[in-house]
Amino acid sequence: MKETPLSNCERRFLLRAIEEKKRLDGRQTYDYRSIRVSFGTDYGCCVVELGKTRVLGQVSCELVSPKLNRATEGILFFNLELSQMAAPAFEPGRQSDLLVKLNRLLERCLRNSKCIDTESLCVVAGEKVWQIRVDLHLLNHDGNIIDAASIAAIVALCHFRRPDVSVQGDEVTLYTPEERDPVPLSIHHMPICVSFAFFQQGMYLLVDPNEREERVMDGLLVIAMNKHREICTIQSSGGIMLLKDQVLRCSKIAGVKVAEITELIQKALENDQKVRKEGGKFGFAESIANQRITAFKMEKAPIDTSDVEEKAEEIIAEAEPPPEVVAEPVLWTPGTAQIGEGIENSWGALEDSEKEAEDEGGSDEAVLLDDMKMDTATEVSDIGSQDAPIVLSDSEEEEMIILEPDKNPKKIRTQTVSAKQKAPSKKPAKKRKKKRVVN
């Protein structure tokens, strides 16, 4: 999925705001976003939040054979992954140009700066060394990935503990954390990347650009430095020409920012180590704020219940008494009811047209019933003189059974004259009566 491009209005708005030294999130030109570091239950697992940019760092280790040209040095391996969970523009299973550039910059910042003593990772020269693997996963992308990734990598390395080993002759014994305490890595210094975005061909400068500012920037300068003001690596991209004074000013700003970030990292590491020693609760679940909906628990607040009855009586005394008038239901017609004041229910009332139709239907039914009685009387007079059997009729066309006292009953088919043909009115009769002929 391709990245949604910025419209011309958004681009002009961002550039105009930068010219006026304003930013969308309210920061000043040289301000960094807030940094938050949280640790997992295992050593070497951490999450670094730089504003809304989140990176998960995980360090693992294993015993492997060393390289031929470096028989007494351990191996450092860095891997950064950009998943679609962070941004829809990242394609899975494909190394983009951005990913290759970020991985190379991380290797130059952390491996080539010799921040970790690789010789301390050697177990048996030429046979067994520790391979330290740092996996970084981008969880959410809101700009300045390289700064968040470098902080997550160095924090995970400082927090990591490798298993202790012992060598007796040719035998290498690996101890579990229950048998011996894990050993931390030997870290000389902590290099941290600081990014600077340039606009209008270097006229305007911003520290820690977010995702929208990165889209409209003309160039990017990344300086990796430690708290001793030693530059570990520097990289410029975007094809802009920078003056010497601009680079020096950026290096001074980077020195201040790196000192602040390093102090924050050390405090976070000390707090985590203190909690683990005291046996307190630690991990990602404990780092969630209690005030959020996603929290697992809420802090208990003490409640004073000594004068509850007195307060309840005061509230009842001050409250207004309920109204004594209770609405009675009004029965307009059977099956309907009305409570309170409102419009009269007209369901039970018939309209004038319905009443007229009902009156006409009643008169027609009366005429039909009179005709049916006359027909029944004539049939009885005709049949009674001939000693005919009993005839039962229930519909216009049906089976009629003739009952004779001496013979078996026979079924014959007769057709009676319907009331429709005899009645002069147009409407049919709603009720029909059974005709019964009796000797």
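The values are calculated or read from the model by the stated rules, or taken from the named source; none is laboratory data. Not measured: the values here are computed from a predicted model. Cβ sites come from the backbone with ideal geometry, for glycine too, and all protein chains shown count toward neighbours. Side chains are part of the model used for accessible areas, which takes the heavy atoms of the whole protein and leaves out ligands, DNA and RNA. Shrake-Rupley method; radii C 1.70, N 1.55, O 1.52, S 1.80 Å.
Numbers at a glance
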| quantity | calculated |
| --- | --- |
| Pair list, Cβ under 9 Å, 6 or more apart: the range 264-275 residue within 15 Å of Asp42 (Cα to Cα), other residue of a type in the set (Phe, Trp, Tyr) and at pLDDT 90 or above | Leu269/Phe39; Asp272/Phe39 |
| When residues of the range 271-299 are limited to those that are open to solvent by 70 Å² or more (accessible area, probe 1.4 Å) and not in a loop (DSSP other than H, G, I, E, B), the one modelled with the lowest pLDDT | Glu286 |
| Residue list for the range 101-127, restricted to those being farther than 30 Å from Ser236 by Cα, part of a loop (DSSP other than H, G, I, E, B) and open to solvent by 50 Å² or more (accessible area, probe 1.4 Å) | Ala125, Glu127 |
| Checking Ala89 against (1) more than 19 Å from Leu221 (Cα to Cα); (2) modelled with pLDDT of 90 or more, the condition it does not meet | (2) |
| Number of the exception - Ser251 against (1) within 19 Å of Leu15 (Cβ to Cβ); (2) open to solvent by less than 40 Å² (accessible area, probe 1.4 Å) | (1) |
| Residue count for the range 35-73, restricted to those that are open to solvent by 30 Å² or more (accessible area, probe 1.4 Å), of a type in the set (Gly, Ala, Ser) and within 19 Å of Gly280 (Cβ to Cβ) | 0 |
| Every residue from the range 1-21 that is basic (Lys, Arg) and either surrounded by 14 or more Cβ atoms within 10 Å (Cβ to Cβ) or modelled with pLDDT under 90 (or both) | Lys2, Arg11, Lys21 |
| Hits in the range 149-170 - residues which are closer than 30 Å to Val37 by Cα and open to solvent by 50 Å² or more (accessible area, probe 1.4 Å) | Arg161 |
| Among the residues listed as Arg133, Arg215, Arg180, Arg229, the single one being in a strand (DSSP E or B), charged (D, E, K, R) and out of contact with any Cys (no Cβ under 6 Å at 6 or more places or on another chain) | Arg133 |
| Conditions (1) closer than 19 Å to Ile192 by Cα; (2) surrounded by 22 or more Cβ atoms within 10 Å (Cβ to Cβ): number failed by Asp135 | (2) |
| Test for Phe90: is it more than 21 Å from Ala268 (Cβ to Cβ) and not in a loop (DSSP other than H, G, I, E, B) | no |
| Unmet requirement for Val183, which otherwise passes all of (1) touching a helix residue (DSSP H, G or I) at 6+ places or on another chain (Cβ under 7 Å); (2) open to solvent by 30 Å² or more (accessible area, probe 1.4 Å) | (1) |
| Odd one out for Gly239 among (1) within 24 Å of Thr4 (Cα to Cα); (2) buried (at least 17 other Cβ atoms within 10 Å of the Cβ); (3) not aliphatic (A, V, I, L, M) | (2) |
| Which numbered condition Thr173 fails, given (1) more than 16 Å from Pro191 (Cβ to Cβ); (2) surrounded by 13 or more Cβ atoms within 10 Å (Cβ to Cβ); (3) β-branched (Val, Ile, Thr) | (2) |
